[in-house]
1. Stokes-Einstein at 4 °C, 1.567 mPa s, Kirkwood radius from Cα pairs: D for the chain in µm² s⁻¹?
2. Assuming a strict under-17 Å limit between Cα atoms, what lysine pair count do you get for region 83-149 once near-sequence pairs (fewer than 8 apart, same chain) are dropped?
3. Over region 19-111, what per residue volume does the convex hull of the Cα atoms give, in whole Å³?
4. Are there DSSP H segments in the chain that both extend 15 Å or more along their axis (alpha-carbon positions) and score a mean Kyte-Doolittle hydropathy of at least 0.0? List them, or say none.
5. Please work out the C-alpha center-to-center distance from region 70-144 to region 26-53 and express it in whole Å.
6. What full-extension length gain, to one decimal in nm, is calculated for residue 78 and residue 65 as 0.36 nm per residue of separation minus the Cα-Cα distance?
7. If you take every DSSP beta bridge whose two residues both sit in region 3-162, what share of them, in percent to the nearest 5, is antiparallel?
8. Label points 7 Å out from Cα along the Cβ direction at residue 42 and residue 141: separation in nm?
Amino acid sequence: MNKYNYLPIITPTTKQTFSDYIDSLDIPQIDYFAIGIQNTVIKRSISLMSLPEWQKHFVDNHYANFDPVRRISLYTKRNLIPFCEIDHLDNFGKEIMQQRKNMGIKDGIILMQRFPKFNFMITLGTGFSKFNAFDFIKRYHDSIFLVKRDLINLIGKDAKNFLSREVFDPFTHLSSDAK
């Protein structure tokens with residue numbers, strides 16, 4: 001894989017709407033949000049992260065191809081992945097997770113919306129040291145899935161621009177019950 005398999009979403013209106021939306025949320029324990037689109041055919045992705053310093057660090061250091069969070073979301077079929085279940089695979093993956101912790105993202109969950117050739121990936125992160133993903137999901141299930149839906153809709157235009165016409169079929173996108 002080359003270093004260009006990941007790019008940040010830079011659309012000004014998407015970034016501003018994302019920022020405004022995240023600022024309006026009050027989900028206990030969650031202080032980091034990210035939304036991404038993955039082309040599972042060519043293993044490329046784009047995303048928008050609520051912590052610009054982490055996104056810059058991620059891009060500048062070319063972490064995408066080695067990031068355990070991105071790897072697990074691309075190479076498993078799971079739709080809900082707690083950080084505590086992510087395998088670091090190697091020392092570089094472990095270092096990326098440590099850098100993430102240094103930026104205040106100690107724990108979290110990944111929510112996936114999967115389609116045949118692409119995924120939406122939502123990451124909810126926290127600096128809270130005693131975060132329990134399963135208790136959190138049970139307690140805030142409805143809020144979490146409203147946020148998931150809203151974030152996917154928010155980057156819909158970027159998804160259409162990022163994914164080829166063959167990959168992104170609007171008839172099977174959000175109107176379907178794809179899991």
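1. Details: Rh = 16.5 Å.
D = 79 µm²/s.
2. Numbers: 94/106; 101/130; 106/130; 130/138; 138/148.
Taking region 83-149 as the scope, the lysine pair count is 5.
3. On the way: hull volume 9.8 nm³, N = 93.
For region 19-111, the hull spanned by Cα atoms encloses 106 Å³ per residue.
4. Working: long enough: 12-24 (18 Å, -1.05); 91-102 (16 Å, -1.75); 133-154 (27 Å, 0.15).
Long hydrophobic helices here: 133-154.
5. 10 Å
6. Values: separation 13, 0.36 × 13 = 4.68 nm, distance 1.94 nm.
Separation in residues times 0.36 nm, less the Cα-Cα distance, equals 2.7 nm.
7. Working: 25 of 28 bridges.
Here the share of antiparallel DSSP bridges comes out near 90 percent.
8. Result for the modelled spin labels: 3.9 nm.
Read-outs throughout are calculated quantities, based only on the coordinates presented, and are distinct from any laboratory measurement. Since we're looking at a predicted model, the values are computed, not measured. All Cβ positions, glycine included, derive from the backbone under ideal geometry; neighbour counts span all protein chains shown.
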